Amino acid sequence: MEPFIRVNINNEDPARYELTTWQDNHIAIRAGFTGRSGGLGSGSFESFNLALHVGDDPDTVIANRKRLAEALEFSFDQWTCGEQVHSHRVALVSASDAGRGRIDRTDAFQGTDGLLTDEPGVLLTSFYADCVPLYFWDPVRSVVGLAHAGWKGTVQNIAGEMVRTMKSEYGCKEANIHAAIGPSIGACCYEVDETVMGQVRACLVPDLHLEQLDKVAEPSHTPDKSKLDLKELNRILMRKAGILPSHIECSRWCTSCHSDRFFSYRKENGVTGRMASWIGMKER
């Protein structure tokens, strides 16, 4: 079953795919992923670009961010994000950090691709056009998190770093952590060279076995290239970090196959907008 369900049909509204299984089980949780329609942008950014770093008009981006925050019933002052540099650095977000990066990237958590908070009323966000959004939630310790995982962040094991930080900083236990892997490019559309595959193999050993490589990559018709399944690789790394297989949900949406619904960096030759992932706990 697809865990990310579109909740609005009117294309004039911000396109949203919500993690309904989590929201149905916990009234305070808000988690999901945007589509590309229902915003104010034009041209290559038509119409719901949410990133400030792609060359779109900043005022339009901020207006789109406000539209999403309003749709989620969060104050825009609570919108919080990292700089995103394809790292495995994780930042802890306190109530006093709420709002960082919402109108200016220089105010975001610098050099950061993972965010965690145990504070209600903080809306964590990150941005994508094929990379993999990772979601984390511990209902026992009331901790939520997001991680941006391109191939670089994936092979650096940002998924495992999120789990380690949840344990060390919030006292979370692996058995209580739930995770979700959001819409992103699939192996059907993601061809990589040997430079990338060498780092994929390196991240699978020594604790994991190279036979798992068959689950995440297959030869391409292009010589010296492979088709890489970043979603499955992140699932394997989540399990390695101790998350129970039954606690991991994975979207079937491929952003490249469905570029009518999502921005796709590969499909659109690098000139395109960005979707947003979000997670937060409503204040009671």
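The values are calculated or read from the model by the stated rules, or taken from the named source; none is laboratory data. Just so it is clear, the structure is predicted and the values come from calculations on it, not from any experiment. FYI the Cβ positions are ideal-geometry reconstructions off the backbone, even for glycines, and counts take in every protein chain you see.
A few comments on the model shown:
- Residue in the range 59-67 that is of a type in the set (V, I, T) and in contact with a Lys or Arg (Cβ under 7 Å, 6 or more places away or on another chain) present: no
- Scanning the range 132-177 for residues that are among the aromatic types (F, W, Y) and surrounded by fewer than 24 Cβ atoms within 10 Å (Cβ to Cβ) gives W151, Y170.
- The set of residues from the range 41-59 being in contact with a Ser or Thr (Cβ under 8 Å, 6 or more places away or on another chain) and either among the hydrophobic types (A, V, I, L, M, F, W, C) or not in a loop (DSSP other than H, G, I, E, B) (or both) comprises S44, F45, F48, L50, V54.
- Identity of the residue in the range 217-256, β-branched (V, I, T), under 19 Å from the mean Cα position of the chain (by Cα) and outside any strand (DSSP E or B), that ends up surrounded by the fewest Cβ atoms within 10 Å (Cβ to Cβ): I236
- A Cβ distance below 6 Å, combined with a sequence gap of six or more or placement on separate chains, defines the contacts here; from the range 121-150, residues that are in contact (Cβ under 8 Å) with a residue 12 or more places away in the chain and closer than 18 Å to I248 by Cα reach residues that are acidic (D, E) and surrounded by 23 or more Cβ atoms within 10 Å (Cβ to Cβ) in the pairs H148/D113.
- Residue check for Q84: under 15 Å from L146 (Cβ atoms), assigned by TED's automatic domain parsing to the domain that holds L123 and over 17 Å from the mean Cα position of the chain (by Cα): no
- Test: T222 is within 26 Å of Q84 (Cβ to Cβ) and either at pLDDT below 95 or of a type in the set (S, T, N, Q) (or both): no
- Some residue of the range 98-111 being of a type in the set (V, I, T), at pLDDT 95 or above, over 16 Å from the mean Cα position of the chain (by Cα) and buried (at least 21 other Cβ atoms within 10 Å of the Cβ): no
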